[in-house]
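Worksheet for the structure shown next.
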Amino acid sequence: MTFPIVNGSNLLREKLTLPQDFAGKYNLLFIAFQQWHQEEVNTWIPLAESCEAQFPGLVYYELPTIRALNAFSKFFINEGMRAGIPNPKSRERTITLYLDKDEFRSALDLGDEEHIFALLIDRQGEELWRARGPHSQSSEAELLEVLNRLFLKEQ
């Protein structure tokens, strides 16, 4: 799978085109579709922070994915999220996508919106790994295996 070209804004109000504006050589994405999905995303954050420290060139992002809305509704939602996330680094790595969710899910073969999806992609948007739902030991082991293999090849 290849990450589709989409536009979004982070919580610092910077407009971004993805995947080209992802900063990492490798990017770990947490795609959430429902407000309660933040709980599932949060289960991954300690591992994501650890991986970022361990693997130079890896950056993680949170991608709240919401159906296309009018400007007023977007402003209301974005400012609500900004108020709840005071940390500038967290605001930078939280990129809200307002789009046709069915089309987006189809492009990435994300079957449903019942849980989050965690994806590892390269700079070109090519998918290297995926998991669905909250952090688990087996998903962590798979991700670390892929990252170790990728970074071992570079040395």
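Just a few scattered comments:
- Classified by the C-alpha gyration tensor, the chain has a prolate form. Its axis ratio a/c, with a ≥ b ≥ c, is 1.5 or above, and a/b is larger than b/c.
- Length gained on full extension, S138 to Q35: 34.6 nm, using 0.36 nm per residue less the C-alpha separation.
- Relative to the dominant Cα principal axis of the chain, helix 71-84 is inclined by about 50°.
- Charge context of I121, other residues only, Cβ under 13 angstrom, K/R +1, D/E -1: -1
- Segments 3-16, 112-125 sorted - mean Cβ within 10 Å per residue, highest first: 112-125, 3-16
- A23-I45 FRET efficiency (beta carbon distance; Förster radius 22 Å; 0.05 resolution): 0.80
- Site pair R13 and A53 shows an inter-label distance of 3.3 nm when each label is modelled 7 Å from Cα along Cα→Cβ.
- Under 14 Å, Cβ to Cβ, from L108 - net charge with Lys/Arg +1 and Asp/Glu -1: -4
- Separation of the N87 and R67 label points, Cα + 7 Å toward Cβ, nm: 3.2
- Charge-dipole axis of the stretch 8-123 as Lys and Arg at +1 and Asp and Glu at -1 on Cβ define it, positive-most pick from L108, I45, S9: S9
- R0 of 30 Å, Cβ-Cβ distance F151-S106: FRET efficiency to nearest 0.05: 0.45
Computed from the coordinates by the stated procedures, all read-outs in this text should not be read as laboratory data. Since the model is a prediction, treat every value here as computed from it, not as a measurement. Methodologically, a virtual Cβ is constructed for each residue, glycine included, from the backbone with ideal geometry; neighbour enumeration extends over all protein chains shown.
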